[in-house]
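What follows is calculated from the coordinates using simple rules that are stated; it is not laboratory data. Model, not experiment: these values are computed from the prediction. Here the Cβ is made from the backbone with ideal geometry for all residues, glycine too, and neighbour counts use every protein chain on show.
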Amino acid sequence: MTDTTSPDPITLTRESPLGPDLTLLMRRHTEAMHADTPPESIHMMDAAALDVPGIAFFVMREDGAAVGMGAFKRLTDPAHAEIKSMHVLEELRGRGLARRLLEHLMAKAVAAGVTRLSLETGSQPSFAAARMLYARAGFVECPPFEGYALDPNSVFMTREL
């Protein structure tokens with residue numbers, strides 16, 4: 001009997017956010033964040049800002065092509081981290097890739113000793129799917145955390161790991 005199962009075409013690896021083949025992901029993420037959020041309410045980090053100690057950046061690839069990204073950033077309390085720059089290419093959404101990416105980030109955070117993971121996302125309708133993803137993963141709304149202030153364009157969420 002022949003084994004007909006093929007290897008998983010999806011990989012998740014820690015990489016530099018400055019990788020030359022990440023330009024499309026970074027551009028799409030930037031466009032999405034600026035689409036309906038006022039500039040003063042955008043808290044995304046560009047590739048250079050993500051390429052520092054204290055930030056673990058991961059790339060999701062399908063058959064070698066970059067299709068998603070996400071990171072977690074250590075906060076002042078080393079047991080607390082923030083999800084940053086989570087993005088899956090729009091044309092590939094609806095396949096569970098964002099859930100898989102989030103689960104990977106949570107597992108890597110736990111492995112790094114993080115016991116609380118928080119995030120900031122948009123309050124606009126365009127962020128509804130993201131808020132639902134986080135809620136289904138056990139995140140609950142919380143007050144602004146380290147460095148953030150109340151903002152009608154932001155929703156803050158957190159969960160214990």
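What is the Rg over Rh value, at two decimals, for the chain, using alpha-carbon atoms and the Kirkwood definition of Rh?
Rg/Rh for the chain comes to 0.97.
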Residue with peak Gaussian network fluctuation, the chain [Cα springs, cutoff 10 Å], from Leu24, Leu75, Leu101: Leu24
So what's the gap between the Cα centers of the stretch 114-161 and the stretch 28-62, to the nearest angstrom? 15 Å
If I build a Gaussian network model for the chain, linking alpha-carbon pairs within less than 10 angstrom, which residue out of Ala128, Ala66, Ala47 has the largest mean-square fluctuation? Ala128
Rounded to the nearest 0.05, what FRET efficiency do Ala149 and Ala65 give with R0 = 35 Å and r taken as the Cβ-Cβ distance? Could you check? 0.35
Using Cα pairs under 8 angstrom and six or more residues apart, how large is the relative contact order of the stretch 10-160, in percent? 20 percent
Connecting C-alpha atoms closer than 10 Å in a GNM of the chain, tell me which of His43, His80, His29 has the biggest fluctuation. His43
With each label point set 7 Å from Cα along the Cα-Cβ vector, what nm distance links Ala135 and Ala48? 3.9 nm
What is the distance, in nm, between label points placed 7 Å from the Cα along the Cα-to-Cβ direction at Asp8 and at Arg95? 1.4 nm
